[in-house]
1. Within region 90-195, which GluC sites (Glu not before Pro) sit in a loop by DSSP and count at most 15 neighbouring Cβ atoms inside 10 Å?
2. To two decimal places, what compactness ratio does region 111-208 give when its Cα radius of gyration is scaled by 2.2 N^0.38 Å?
3. Under a point spin-label approximation (7 Å from Cα along Cα-to-Cβ), what is the His279-Ser126 distance to one decimal in nm?
4. First select every other residue whose beta carbon is under 14 angstrom from the beta carbon of Gly65; then total the charges, Lys and Arg +1, Asp and Glu -1.
5. For region 141-212, give the magnitude of the charge dipole about the Cα centre (Cβ charges: +1 Lys/Arg, -1 Asp/Glu; no others), in debye to the nearest 20.
6. Based on the Cβ-Cβ distance from Gln30 to Glu225, what FRET efficiency comes out when R0 is 22 Å, to the nearest 0.05?
7. Once the piece of chain linking Gln114 and His158 is laid out straight, how much longer is it, given 0.36 nm per residue of separation minus the C-alpha distance between them?
8. For region 62-122, which semi-axes, largest first and in whole Å, follow from the square roots of 5 times the eigenvalues of its Cα gyration tensor?
Amino acid sequence: MDFAHQALVDNVPLTKRDMYYKDVPLFKAQGTVDRLVDDLAVTLDLERADLKIRAASKGLICGTGLTIHLLEGEVISINDLEGTLIPTGETIERFELKEDISWVLVVEKEAVFQTLCRFQFASHQSLPGPGLIITGKGYPDMATRQLVKTLSDNLPAHIPIVALVDGDAYGLDILSVYKYGSRSLRHENEKLAAKRIEWLGIWASEIADLEIDLDTLIPITLHDEKKALAVLSRATDVVPTKWRKELTRMLHIRRKAEIEILSSSLSQKSNSLIHYLAHKVCHFIEMSA
């Protein structure tokens, strides 16, 4: 509480990482700080931003046409060649779309994101229009969730917002954080949940059509099985039927479909990931029209 009080008195935002390094022997782990800050916010019925405490940004975005105006006057222009760090919501004045976009793709893994940037997938000729690509580098930080939520609330309904995550329980848990919110921030989920986001892939049910040998998939572990059963035990309103079917299939075949497997599919083509995503994004655009 002393750290939060000082941040409020000084009117200088403090990151949770800063707090951890102020007394490493006391906290012992970053997770301790995360839990304490969340508990404090819930107890006081406040958001973390009200305490002048924020998570350090880690999410990236690439694409064309989007400009972010910050409160301090800085203007960030997004491009389709490299990722741009997503600023925290408290520092953003407004977003500006200078040209129409056709789709938004949220990617679980940074390595896949960087590959898509290298191929300039956001403006790829195989797509009907330009788009935005976002990654939270695994479980998303607050800034990434706020951006996806903003796009979900403000983009026209005909522009699909889709996610590429591993076809396992952990991938779906990450997608669930975007779509329904996280358990640790239940009190803020209404302001962070991007209800429009849909699961693009990868699905266990696609493996045969993608010409992927089942034996090349990674066997699930006891941790994978435990996580899958935990996700399946959640209420039906936060685990769509499609998710349940794919997780059940994963448990049945005892294999998990990770995004990287696309690199060995489609007759070993080096651009198989691009081919797969272009096909799926086009499908979602048609479905949203």
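Please treat every number below as a calculation from the coordinates, not as lab data. These numbers were taken from a predicted model, which means no experiment stands behind them. Every residue, glycine as well, gets a Cβ built from its backbone with ideal geometry; the counts of neighbours run over all protein chains shown.
1. Glu99
2. Working it through for region 111-208, the quotient is 1.11.
3. 0.9 nm
4. In short, -3.
5. The dipole magnitude comes to about 540 debye.
6. Taking R0 as 22 Å, the efficiency between Gln30 and Glu225 is 0.20.
7. 13.2 nm
8. The equivalent ellipsoid of region 62-122 has semi-axes of 22, 14, 10 Å.
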